[in-house]
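The values are calculated or read from the model by the stated rules, or taken from the named source; none is laboratory data. Since the structure is predicted, the reported quantities are computational estimates derived from the model, not experimental observations. So basically every Cβ, Gly included, is an ideal-geometry build from the backbone, and we count neighbours across all protein chains shown. Surface accessibility is based on the protein's heavy atoms, side chains included, excluding ligands, DNA and RNA. Shrake-Rupley method; radii C 1.70, N 1.55, O 1.52, S 1.80 Å.
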Amino acid sequence: MQKHCIKIHLSSVFTEDKLEKWRKNYPSLQKINIPDKGFLYRQGHSCSHVFWINTGIIKLSHITEQGNELIVALLQSGDITGSLPAAGASSLMEETAQAVGEATLFRLEYHDFKALISHQPDLSWQVFATQSIRRQQAERKLLNILAQPVESRIIAMLKELAEMFGIRCAHGYALEIHLTQQELADLVGASRPAVSTIMNDLRSRGILEYTRELICVNDILFSTSGKQE
């Protein structure tokens, strides 16, 4: 399994000397800490900032008119979220951004973000590349929801999570992210009872191990596509 390689390495981008230099030209640039379950912004609220993730995981979720939560994406180091309108004006956000565990980010006003990447061509290209990866992931998720049974959707999501957050362990990949079964259900567009039943079945078949604190995806998962229905 290969992880996505197009990522912005912020440790080399926002070094202390560059931060001091860039703040003179982009005064809104700040490094911020977000606690577990802390919010960057909420659905329906205005936001004029762009957030560049340094460490940690940010969950993007959307509440439907029926009151159901859908997890749109899980973002990691190098990903960008926040206000990215074409004209740079403040807008009402269509999703909520919340930390899963502690996170550190770089925050800029939209106009400073636009100026920064305009003056740094390498950054501009990497921003384009990471946004393109996110679009492809969203399209793949939509196709899975429309065309695949629930078990196949869960297996596909576990593979994607292993690519994004997996750390090699004795049997496969341990996921460096704590997800409840409800959150996994929100990710694949299924009910929590259905996900619970399938997760228990996958565990009984030796495809994965999980506790309240950890999901371990066994190597056998990468040679299976789920049961045919």
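Points worth noting:
- Scoring L214 on the criteria (1) buried (at least 19 other Cβ atoms within 10 Å of the Cβ); (2) among the aliphatic types (A, V, I, L, M); (3) modelled with pLDDT under 85 leaves a single failure, condition (1).
- Test: E20 is in a loop (DSSP other than H, G, I, E, B) and either over 21 Å from L179 (Cα atoms) or in contact (Cβ under 8 Å) with a residue 12 or more places away in the chain (or both): no
- With respect to (1) basic (K, R); (2) within 30 Å of L208 (Cβ to Cβ); (3) at pLDDT 75 or above, the lone exception for K114 is condition (2).
- When the residues of segment 23-48 are filtered to those that are assigned to a strand (DSSP E or B) and under 30 Å from V188 (Cβ atoms), the one that is farthest from the chain's Cα centre (by Cα) is C47.
- Of everything in segment 9-27 that is among the hydroxyl-bearing types (S, T, Y), within 19 Å of A103 (Cα to Cα) and open to solvent by less than 80 Å² (accessible area, probe 1.4 Å), the residue that is modelled with the lowest pLDDT is S12.
- For E102, the stated conditions hold: it is open to solvent by 60 Å² or more (accessible area, probe 1.4 Å), out of contact with any helix residue (DSSP H, G or I) (no Cβ under 8 Å at 6 or more places or on another chain) and assigned to a strand (DSSP E or B).
- Some residue of segment 199-207 being within 22 Å of V72 (Cα to Cα) and either modelled with pLDDT of 75 or more or not in a helix (DSSP H, G or I) (or both): yes
- Test: residue in segment 141-148 that is under 16 Å from H49 (Cα atoms), surrounded by 15 or more Cβ atoms within 10 Å (Cβ to Cβ) and not acidic (D, E): no
- Apart from one condition, Q136 fits all of (1) in a helix (DSSP H, G or I); (2) open to solvent by less than 50 Å² (accessible area, probe 1.4 Å); (3) without any contact (Cβ under 8 Å) to a residue 40 or more places away in the chain; (4) not basic (K, R); the exception is (2).
- Some residue of segment 165-176 being loosely packed, with under 15 Cβ neighbours inside 10 Å and under 30 Å from Q66 (Cα atoms): no
- Of the residues P121, P193, the single one that is at pLDDT 85 or above and over 15 Å from the mean Cα position of the chain (by Cα) is P193.
- Out of L75, L123, sole residue that is crowded, with 21+ Cβ neighbours inside 10 Å and either of a type in the set (A, V, I, L, M, F, W, C) or touching a Pro at 6+ places or on another chain (Cβ under 7 Å) (or both): L75
- Filter result for I71 (in contact with a helix residue (DSSP H, G or I) (Cβ under 6 Å, 6 or more places away or on another chain) and not in a strand (DSSP E or B)): no
- Each residue in segment 150-179 was checked for being modelled with pLDDT under 85 and either of a type in the set (S, T, N, Q) or part of a loop (DSSP other than H, G, I, E, B) (or both), and 7 of them qualify.
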